[in-house]
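Read-outs: derived from the displayed coordinates by stated rules, not from any lab. Fair warning: this is a prediction, and the values are worked out from it, not measured in the lab. FYI the Cβ positions are ideal-geometry reconstructions off the backbone, even for glycines, and counts take in every protein chain you see.
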Amino acid sequence: MNYANIFTSDTVNGTGFRTSLFVSGCSKNPPCKGCWSPEARQFNYGNTFTVKNKEAIIESLDKPYVSGLSILGGEPMDNLGDRVLLDLVKTVKQRLTSKTIFCWSGYTFEDLIKNPIKLDFLQYIDMLRDGEFIEELKDITQYLSGSKNQRMVNVQESLKLNKTILY
């Protein structure tokens, strides 16, 4: 898996201070009109994610003032084949149990849970910002921005109750 950027002490992509990982690669075709990071659509964009990157992320999260990890893209759900991202979220939840994990995806929660690998990944996610970005519905006034069709899904409650619960 490649990544475009890693930001520590990010206050834009979720609640509190967070570490944000921007993965490279998105297979949505055609791409979302108005995609804000078209260069990160390429799977080979940026740098290869290594064990050193993983440990640096864990270290950045292991501070009392850091709330958690945010995973954005590209498209995180298109980056699960090599299990690197799955390993990262499992490790965060095992080592840093109080930290939240937020994830952004252009796919809906209902579509994601139909895929066993994506469902496995979701077991470790607290909030999923789901749905394709639609430029005509862009709303910069809503929390975590995006477009009006997108939702913030409480993944753990949704999985437990077998229905979509908003965060």
| Hydrodynamic radius of the chain per Kirkwood, over alpha carbon pairs, in Å | 15.9 Å
| Neighbour-count order for Lys99, Lys163, fewest beta carbons within 10 angstrom listed first | Lys163, Lys99
| request: Return the subset of Lys54/Lys114; Lys63/Lys118; Lys114/Lys163; Lys114/Lys160; Lys54/Lys93 for which the Cα-Cα distance in this structure is over 24 Å, preserving the input order. | output: Lys54/Lys114; Lys63/Lys118
| note | Computed, not fitted: 222 nm per-residue ellipticity of the chain from DSSP H runs ≥ 4 (each -39500 (n - 2.57)), nearest 500, equal to -6500 deg cm²/dmol
| said: Give me a comma-separated list of calculated 3J(HN,Hα) values for the stretch 127-138, in order, Karplus coefficients 6.51, -1.76, 1.60 applied at θ = phi - 60°, integers in Hz, x for any Gly or Pro. | reply: 10, 10, 8, 10, x, 5, 5, 10, 4, 5, 9, 4
| message | Please report the net charge: other residues with Cβ closer than 9 Å to the Cβ of Lys33, K and R +1, D and E -1. | response | -2
| message | Test of understanding: ordering Ser98, Ser37 by Cβ neighbours within 10 Å, fewest first, what list do you get? | response | Ser98, Ser37
